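Below you'll find the structure, written out as structure tokens, and then a few comments.
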Amino acid sequence: MKIVQEQFAKFDGKIVTAYTMINSRGMEVTTIDYGCIITKILVPDRDGTFENVVLGFDTLEEYQKYSPYFGAIVGRHAGRIANAEFELDGINYHLAKNNNGNHLHGGLVGFDKVIWDTEVIEEQESMSLVFHYLSKDGEEGYPGNLKMKVTYTLNNQNELQLTYEGISDKKTVVNVTNHSYLNLSGNLKRDTLNHTLTLKSDQFLELDEELIPTGKILAVENSAFDFRSGRRIFDGTVSNDPQNVLAGKGYDHPFLLNVNNNKEIHLFDEESGRGLIIETDQPAVVLYAGTQLEENFSIRGVKSKKYLGLCLETQGLPDSLNHRQFPSAILEKDEVYQSITTYKFTNQ
Ligand code: FUC
């Protein structure tokens with residue numbers, strides 16, 4: 001096991017560092033301290049060939065110019081908040097509007113666009129990168145000085161654990177996730193349409209045309225949203241279900257998880273034999289099928305296109321502040337926010 005550090009770029013008078021964690025089986029995870037972005041994850045296919053399974057760039061300029069949150073931590077609040085506003089204890093908060101008049105993924109300069117302080121921890125059976133960031137009171141419109149800590153831990157069982165922690169000096173809202181775009185084919189050889197996804201989820205949130213939850217919870221039964229016995233991502237692209245159509249022919253939806261920490265999310269690519277099991281303590285996972293991926297740039301030599309990567313964003317429900325029947329994203333003053341998601345990579 002080892003961690004290799006190198007200079008990735010310079011930004012804002014500071015050095016952006018890339019950290020590569022390499023475990024005893026040869027799995028590698030590369031992360032930069034800008035946005036806690038996971039730029040690369042190398043895992044073996046069924047023949048033991050190591051290839052990259054996430055969308056990412058080799059330069060900071062490309063992230064800043066083209067990246068729709070590739071591999072980044074998004075927050076304070078992942079997903080959309082309608083009209084970029086919410087009310088807390090009688091005060092109306094106005095957030096940065098960065099998505100058709102709505103607030104998306106923390107605003108104009110969210111957690112994905114700042115440099116985090118980094119600590120490196122090496123232990124017997126695992127190693128970790130610990131990132132710290134102080135989000136100041138009023139940043140992007142949110143109340144409270146929020147101290148955030150994100151930890152990525154890689155062990156020798158090819159498990160990558162993502163831990164999020166936060167504490168604020170005022171009542172605020174927190175709902176963070178990692179926005180990695182997965183593609184298990186390896187080095188983007190194919191798109192993700194033949195990936196099979198299995199979800200322990202009976203229900204998903206209905207969205208409006210702006211991709212904001214309407215408040216209605218729909219059953220997955222008899223629809224292309226039923227992933228309970230496994231289903232190809234392709235199905236959503238040919239479905240006439242209005243929910244698939246409004247998501248740009250595919251998926252951009254929060255699924256409510258029936259269980260936690262019990263293999264509730266499983267992504268598999270038959271051709272390479274690579275699989276990913278995701279476990280979380282969060283109530284939902286947003287399946288975003290890369291339906292808005294633009295074609296005006298390349299990703300390490302492969303032209304970007306729709307469905308080239310898909311995101312499985314474990315999180316609380318988007319826009320819960322404006323739908324008080326949803327589990328709350330409110331964090332009390334001095335309360336500790338903590339959440340853990342684990343990615344286990346397999347090959348068979
Ligand atoms: C996802 C989606 C959004 C958006 C963004 C880049 O989280 O929910 O629709 O396109 O990522």
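The values are calculated or read from the model by the stated rules, or taken from the named source; none is laboratory data. Remember, predicted model here, so these are calculated numbers, not experimental data. Positions of Cβ are backbone-derived with ideal geometry, glycine not excepted, and every protein chain shown enters the neighbour counts.
Which condition does Phe86 not pass, out of (1) more than 17 Å from Leu182 (Cα to Cα); (2) surrounded by fewer than 18 Cβ atoms within 10 Å (Cβ to Cβ); (3) among the hydrophobic types (A, V, I, L, M, F, W, C); (4) touching a strand residue (DSSP E or B) at 6+ places or on another chain (Cβ under 6 Å), if it passes all the others?
Of (1) more than 17 Å from Leu182 (Cα to Cα); (2) surrounded by fewer than 18 Cβ atoms within 10 Å (Cβ to Cβ); (3) among the hydrophobic types (A, V, I, L, M, F, W, C); (4) touching a strand residue (DSSP E or B) at 6+ places or on another chain (Cβ under 6 Å), only one is false for Phe86: (2).
Please enumerate the residues belonging to the range 110-164 that are among the charged types (D, E, K, R), more than 30 Å from Ile91 (Cα to Cα) and within 21 Å of the chain's Cα centre (by Cα).
Asp117, Glu159
All but one of (1) part of a loop (DSSP other than H, G, I, E, B); (2) in contact with a Cys (Cβ under 8 Å, 6 or more places away or on another chain) hold for Leu184, so report the exception by its number.
For Leu184, the failing item is (2).
Ser304: hydroxyl-bearing (Ser, Thr, Tyr) and either more than 28 Å from Lys249 (Cα to Cα) or surrounded by fewer than 21 Cβ atoms within 10 Å (Cβ to Cβ) (or both), yes or no?
So Ser304 fits the description; yes.
Across the range 68-108, which residue is farthest from the chain's Cα centre (by Cα) among those that are without any contact (Cβ under 8 Å) to a residue 24 or more places away in the chain and not in a strand (DSSP E or B)?
My answer is Gly90.
Can you find even one residue in the range 265-280 that is touching a residue at least 24 places away in the same chain (Cβ under 8 Å), farther than 16 Å from Thr198 by Cβ and crowded, with 19+ Cβ neighbours inside 10 Å?
Yes.
List every residue pair whose Cβ atoms lie under 6 Å apart, where the two residues are 6 or more positions apart in sequence or sit on different chains, the first residue falls within the range 1-17 and is touching a residue at least 24 places away in the same chain (Cβ under 8 Å), and the second residue, located anywhere, is surrounded by fewer than 16 Cβ atoms within 10 Å (Cβ to Cβ) and part of a strand (DSSP E or B).
Matching pairs, first to second residue: Ile3/Val120; Thr17/Gln5.
Could you check Asp235 against (1) out of contact with any strand residue (DSSP E or B) (no Cβ under 9 Å at 6 or more places or on another chain); (2) within 16 Å of the ligand (Cβ to nearest atom); (3) outside any loop (DSSP other than H, G, I, E, B) and say which number it fails?
(2)
Quick one: in the range 201-211, which of the residues that are away from the ligand (no atom under 14 Å from the Cβ) and surrounded by fewer than 18 Cβ atoms within 10 Å (Cβ to Cβ) is nearest to Asp252 (Cα to Cα)?
Applying the filter and picking the extreme gives Glu206.
State yes or no: is Val114 in contact (Cβ under 8 Å) with a residue 60 or more places away in the chain and closer than 17 Å to Thr177 by Cα? Walk me through it before giving the result.
Details: in contact (Cβ under 8 Å) with a residue 60 or more places away in the chain: yes; closer than 17 Å to Thr177 by Cα: yes.
Considered against the rule, which asks whether it is in contact (Cβ under 8 Å) with a residue 60 or more places away in the chain and closer than 17 Å to Thr177 by Cα, Val114 comes out as yes.
Gly107 - would you say it is at pLDDT 95 or above, surrounded by fewer than 12 Cβ atoms within 10 Å (Cβ to Cβ) and within 16 Å of the ligand (Cβ to nearest atom)?
It is false that Gly107 is at pLDDT 95 or above, surrounded by fewer than 12 Cβ atoms within 10 Å (Cβ to Cβ) and within 16 Å of the ligand (Cβ to nearest atom).
Within the range 325-348, which residues are among the small types (Gly, Ala, Ser), at pLDDT 95 or above and either within 16 Å of the ligand (Cβ to nearest atom) or loosely packed, with under 15 Cβ neighbours inside 10 Å (or both)?
Initially, the range 325-348 is screened for residues among the small types (Gly, Ala, Ser), giving 328-329, 339.
The next check asks that each one be at pLDDT 95 or above; those that pass are 329, 339.
Hit for the range 325-348 is Ala329, nothing else.
Residue by residue through the range 6-24, note down the ones that are surrounded by fewer than 16 Cβ atoms within 10 Å (Cβ to Cβ) and farther than 18 Å from Gly71 by Cβ.
Within the range 6-24, Gln7, Lys10, Asp12, Gly13, Lys14, Ile15, Ser24 qualify.
Any idea how many residues of the range 165-181 are more than 16 Å from the ligand (Cβ to nearest atom) and not in a loop (DSSP other than H, G, I, E, B)? Before you say what the answer is, go through the steps one by one.
Taking the range 165-181 and keeping what is more than 16 Å from the ligand (Cβ to nearest atom), we get 165-174.
Those still in the list that are not in a loop (DSSP other than H, G, I, E, B) too: 165-168, 172-173.
Number of matching residues: 6.
If we keep just the residues of the range 35-67 that are basic (Lys, Arg) and not in a strand (DSSP E or B), which is nearest to the chain's Cα centre (by Cα)? If you could, list the steps in order and put the result at the bottom.
Going through the range 35-67, the residues basic (Lys, Arg) turn out to be 40, 46, 65.
Keeping just the survivors that are not in a strand (DSSP E or B) gives 46, 65.
Details: Arg46: 26, Lys65: 19 Å.
So the residue we want is Lys65.
Collect the residues in the range 131-149 that are assigned to a strand (DSSP E or B) and surrounded by 18 or more Cβ atoms within 10 Å (Cβ to Cβ), keeping them in residue-number order.
Taking the range 131-149 and keeping what is assigned to a strand (DSSP E or B), we get 131-135, 146-149.
Selection gives Phe131, Tyr133, Ser135, Leu146, Met148, Lys149.
Could you check how many residues of the range 59-79 are surrounded by fewer than 24 Cβ atoms within 10 Å (Cβ to Cβ) and more than 10 Å from the ligand (Cβ to nearest atom)?
7
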